[in-house]
């Protein structure tokens, strides 16, 4: 087996998990084949960790799930699309009712269920449709790839592709798996969560270590993408660890052993795949943009500059137009809040079609405009910025962030989202 | 005479100022009737104050003008559109050459001239065209309205309307005037400057007071608008005070006298008119959006929340689509970084076509969708947010910020800006 092997199965790949997705009709205007209610459940109470939106306005399901995740033990996550259940009449009552219905059918305490919602803010949720569909949702649970697929589809809103990945690796001779699904297309900007994502693993791991590893993984993946700079009221990322893999339990000991690193690496890989899939599927996007900031004094500075570039409307519009107007990259770097020597900055655009260096020592270089157009016409483009700074001891000089271009369709999608 | 009277004449309205605007051909592709070089000059050395971009990448003319404005005495401002003279070969040499040429023709020291540039970043400026046109620029100086008009037009880039206002008021029986021109359409976001603007006044005023009043006025006008969240490398706002009005000199004394307040009021009024004109003329805009946050504990909080709403891509897209999706207003408030009680928030949309209350106590209200559509279809729309907080002693509960919608044309304009 390779160090990390990508496998099928999403959240049902790890041992001990089932999933389902059904059509409940949360949004009256959605077609009858649109799945909109999902459930991921573990056979046993699982060790759990979660991160939530930093938005001061938190949806009722976020507040409920925060409370329940604080116990560090969960057994299921129920999710709906079509309504955010935020700032809406009876929002907390409805979030509780949704988990109570599932709890009763699964015969587990409601406190072991996290709830996630995504969709329009401020409209009362059609809780009747959800309660009516709960028996079907629970009956449909299964551990095949197709069950994870249904759950991944049921949480999509303006997403155009489902986001689902799973990975296998070895800990002390035992195969261990991590799987994940996610949704996210608009209202995407770092500051925790930035999406709905449910992750599962069969790894035996302590609650403290799981919490720490999840935070690290989210910081290096979901918190490094931006679609539109809007941090949602509903962002949630939950991981459940069933412990069924039979490995020696990973714990937060002082030397943070190599098996823990291996688990963190694998979780980061799954989260990064989901995050990149979200950035590339940004509302209306025609390009996935990767910004690499390198040769920085430290990683924090590299990250802050890369995020500023990725989030700039002018940079995003320029990539949409396949126009190598690199001055906008320098401009966005300049308002990142970081200090750097402009006279040392280099900028290069690249893609599968080639590479074009446009700026060196903070000054424009003559470049082949036709080649630049060709390079930027690819779907996946990279903006590589070099700060040419001296590396601080013990630091990493590089960070990679992901975003998408700003297009007519972003405006169109968001000009009439409710209708 | 009314307390404040709006008058014609722009920067040439105050006594002692001349202006001109000519075609130099800075950008080879610009049509022969596009004015692109402007000059505003005082007959005498003037008291001066200025604010500049906070972007860490500062264009050469910004760095040059910062140095010269530190002397608090200026006599002229020379400006070009078509090239930002930023991160470009020979940028500082060219900024100096531009002011030297004008200085020689005006027979004043080059140190008394501020330089402003706006346009593409990173391309070498056609300094030959500017030097060749300097004699024509100086010959064209005049004190008629038409001269201010030419200067205002010469600094336009993607602007669709010129921005030019002047006001008259009385200090100790003497008529005093303030005039201003500005440009700005993209790369507009607070953090000082956010535009090019030249203001003139014939008021006799000390350098210290002028500096203080300008900073206050900019904070309450230009720093309260956002078009796209991008803070430019070239933002500059300069004011020259010739002292020709004959009023008793205003100074920074301890009680900040009522005449000083009157001057500050008038300057704020001119800056606000210019700022609102910029927001309404944002790149591709079809709506001017005013966000009023009221019943806040203090003005700083009201401002921070209003700016967060105005700058949200999702709010901007929603106004473009005339869709009363008010949840996005709450979402943007929530990530402003301010704390507030969601359960007390009220939101109302209004315009010349009427008013529609959509949220009270943090919950959606049933509202007339057809009326909401009609209200939001007007060019000027207002989003009024009430926090219903207790006012802190000595504080102002309200702030107003301005922005524009996000449209297909913003994307189009910025997808191929260079070509």
Shielding by partners for B:360-367, please: the mean number of other protein chain Cβ atoms within 10 Å of each residue's Cβ.
3
For the Cα atoms of chain B, what angle does the longest principal axis make with the long axis of helix B:207-219, in degrees from 0 to 90, nearest 10?
40 degrees
What is the Cα radius of gyration of the stretch B:67-163 over 2.2 N^0.38 Å, N being its residue count?
1.08
Exam field: residue B:219 pseudo-label spacings to other copies (7 Å along Cα-Cβ), nanometres:
3.4
When the Kirkwood hydrodynamic radius is evaluated over all pairs of different C-alpha atoms of the stretch A:288-415, what value in angstrom, to one decimal, is obtained?
14.7 Å
Let me know the mean shielding of A:332-339 by other chains, meaning the per-residue number of their Cβ atoms within 10 Å of its Cβ.
5
State the residue of chain A whose Cβ is nearest the axis carrying A onto B, and the distance in whole angstrom.
A:408, 2
Inter-copy spacing of residue B:261 label points, which lie 7 Å from Cα along Cα→Cβ, given in nm from shortest upward
6.7
Starting from the eigenvalues of the Cα gyration tensor, five times each then square-rooted, give me the equivalent ellipsoid semi-axes of the protein assembly as shown, largest first, whole Å.
53, 30, 22
Mind ranking B:273-285, A:23-35, A:105-117, B:118-130 by how tightly packed they are, going by the mean number of other C-beta atoms within 10 angstrom, highest first?
B:273-285, B:118-130, A:105-117, A:23-35
Shortest-first nm distances, residue B:344 label point to equivalent points in other copies (7 Å, Cα→Cβ)
4.9
Sorted largest first, the Cα spans of the stretch A:5-280 on the principal axes come out in Å as 51, 40, 31
Sorted by mean Cβ packing within 10 Å, highest first, what order do the peptides B:148-159, A:84-95 take?
B:148-159, A:84-95
Pop a pseudo-label 7 angstrom from the Cα along the beta-carbon direction at both residue B:253 and residue A:7 and give the gap in nm to one decimal.
8.4 nm
DSSP-defined antiparallel bridges as percent of all bridges, the stretch A:288-415, nearest 5:
70 percent
Note the angle between two axes, namely the Cα long axis of helix A:91-106 and the longest principal axis of the Cα atoms of chain A, as a number of degrees from 0 to 90, rounded to the nearest 10.
60 degrees
How many Cβ atoms of partner chains, on average, are near each residue of B:309-321 if near means within 10 Å of its Cβ?
5
Based solely on its DSSP helices, what 222 nm [θ] is calculated for the protein assembly as shown when runs of n ≥ 4 H residues each add -39,500 (n - 2.57) and the sum is averaged over all residues, nearest 500 deg cm²/dmol?
-9500 deg cm²/dmol
Say R0 is 41 Å: what FRET efficiency, to the nearest 0.05, do residue A:341 and residue B:212 get from their beta-carbon distance?
0.80
Can you give the three extents of the C-alpha atoms in the stretch B:224-367 along their principal axes, from longest to shortest, in whole Å?
60, 35, 33
Taking a crude spin-label model, label points 7 Å out from Cα along the C-beta direction, the residue B:380 to residue A:355 distance in nm is 5.4 nm
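Read the figures in this text as sums done on the coordinates, not as results from a lab. Note that the coordinates shown come from a computational prediction; the quantities given were computed from them, not determined experimentally. Cβ atoms come from the backbone with ideal geometry, glycine included; neighbour counts cover every protein chain shown.
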